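Shown next, in structure tokens, is the structure this report addresses.
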Amino acid sequence: MPVGQEAFAVWEVEAGDRGACGVTDSRATAQREMVSALESFPRGRGRVRLAWPAPGLVYRYGETLVTAHRYGRVFVSVRGDAWESGPPWTG
């Protein structure tokens, strides 16, 4: 984590060959946007991570704040990183 630099909240959703993403300065807004995007797909996964600007128009990513998985009417959200180890239907 860069000292003295405010982190952004980056959210992303993967849903097969589709998805959505965004960047905001609010963790709460990022979580709401991620959940809203994930709800628009029948199946997928989403997460919110901290990020700092890095040279070359990229981000340096920090911890994952929340991860969510959706399959039909089942929606699971956990604090922290469950991107790779989420429910078996997301593989």
For the chain, longest principal axis from Cα atoms; helix 27-39 axis from its Cα atoms; angle between them, nearest 10 degrees, is 30 degrees
Can you give the helix-only mean residue ellipticity at 222 nm for the chain, where every DSSP H stretch with n ≥ 4 adds -39500 (n - 2.57) and the sum goes over all residues, rounded to the nearest 500 deg cm²/dmol? -4500 deg cm²/dmol
With θ set to phi - 60°, apply the Karplus curve 6.51 cos²θ - 1.76 cosθ + 1.60 along segment 43-56 and write out the HN-Hα couplings as whole Hz, x wherever there is a Gly or Pro. 7, x, 9, x, 7, 10, 10, 7, 8, 10, x, 10, x, x
Read phi for every residue in segment 15-23 and hand back ³J(HN,Hα) as whole Hz from Karplus 6.51 cos²θ - 1.76 cosθ + 1.60, θ = phi - 60°, with x for Gly and Pro. 9, x, 8, 10, x, 7, 7, x, 9
Where q = 0.25 Å⁻¹, what log10 of I(q)/I(0) comes from the Debye formula for segment 8-84, counting one point per Cα? -1.14
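Bear in mind these aren't lab numbers, they're just calculated from the coordinates by the rules spelled out. All of these numbers come straight from a predicted model, not from anything done at the bench.
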